[in-house]
2 protein chains.
Amino acid sequence: MLLDLTFDHLGVAVPDLDRAVSFYEQFFGYRMLSERFDDPTQRARVCFVGTGRPGDLVIEIVAPLGEDSPVGKMLSKGTAAYHACYSVADIEQALDVARAQGCVLVAPPVPAVAFGGRRIAWFYTPTRQLIELVEQ
Amino acid sequence: MLLDLTFDHLGVAVPDLDRAVSFYEQFFGYRMLSERFDDPTQRARVCFVGTGRPGDLVIEIVAPLGEDSPVGKMLSKGTAAYHACYSVADIEQALDVARAQGCVLVAPPVPAVAFGGRRIAWFYTPTRQLIELVEQ
């Protein structure tokens, strides 16, 4: 079966949120599309940036929050662009399909601060790409 | 100064091009938007996939071509989503601005098979994101 997945944003891991926001403003002409959120569940500090034009790429800049953040582990591997996020109507169904396709679940659905409490989940594709799902 | 950068595609490194194309078709409902290209300059085998709907995300799936491919080095670090590509009118000017912003040039402009000979260049941002530029 085919899911109706809508690309939502590209996640970029950075060591310093403010420095990265500043760079995206100055080089790409992006602006902040959200406030800065602290998400203790994800152990991440995040901010969405982009042009704000409909349909344009939205980048979620993600910095570690605390010592044992998964984002910190990404950065220690030298990984900057680290996830692509898609929105989906039924997140459990999407994860079932992902598993059937050989994906590896990283984290089951939990509410996320940056999405107003909408649930997010994480998995790796068989080709090792990190995918985030957010329920619509 | 601000450049007029247009987001073009997201590059995803994979060990096996055909297996990845098949996964993107089956899970995301994507289709091939190009043929498979071998680019000896980039030492990469690439294919563009997506929904084909205007404005939707285009993913460039990139597999190593040969033993000493830069894509192979990315994969050995566990990096899958590895570059974001923007198109720009004047690629030399954009690189000048990038350098002035503290970016590190990885590769100067060279013609690229996957873009019909249009030139591409690579740099790292100060926050370690790998960016590709393609001239319009």
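In the protein assembly as shown, the inverse of the mean reciprocal separation of distinct Cα atoms equals 18.8 Å; this is its Kirkwood hydrodynamic radius. Taking the label point 7 Å along Cα→Cβ, A:Ala89 and its counterparts in the other copies are spaced 4.3 nm apart, in ascending order. Label-to-label distances for B:Gly66 across copies, nearest first, come out at 4.7 nm, using points 7 Å from Cα in the beta-carbon direction. Computed over region B:33-136, the P(r) curve from all C-alpha pair distances, binned at 5 Å from the origin, holds 2, 12, 20, 26, 21, 14, 5, 0 percent per bin.
For the pair region A:115-136 and region B:58-73, the centres of their Cα atoms are 24 angstrom apart.
Plainly put, the tip 7 Å out from Cα toward Cβ on A:Thr41 is 4.6 nm from that tip on each other copy, the closest given first.
Each listed q (0.12, 0.16, 0.25, 0.27 Å⁻¹) maps to a log10 I(q)/I(0) for region B:68-124 from the Debye sum over equal C-alpha point scatterers, namely -0.34, -0.59, -1.14, -1.20. The GluC sites (Glu not before Pro) of region A:27-136 meeting both criteria, a DSSP state outside H, G, I, E and B (loop) and at most 16 other C-beta atoms within 10 angstrom of the site's C-beta, are A:Glu35, A:Glu67.
At 25 °C and a viscosity of 0.890 mPa s, what translational diffusion coefficient does Stokes-Einstein give for region A:1-78, taking Rh as the Kirkwood radius over Cα pairs? Give it in µm²/s as a whole number.
Numbers: Rh = 13.3 Å.
Stokes-Einstein gives a translational diffusion coefficient of 185 µm²/s.
Just so you know, all these numbers are worked out from the coordinates, no wet-lab data involved. This one's a predicted model, so the numbers in the text were calculated from it and none came from an experiment. Positions of Cβ are backbone-derived with ideal geometry, glycine not excepted, and every protein chain shown enters the neighbour counts.
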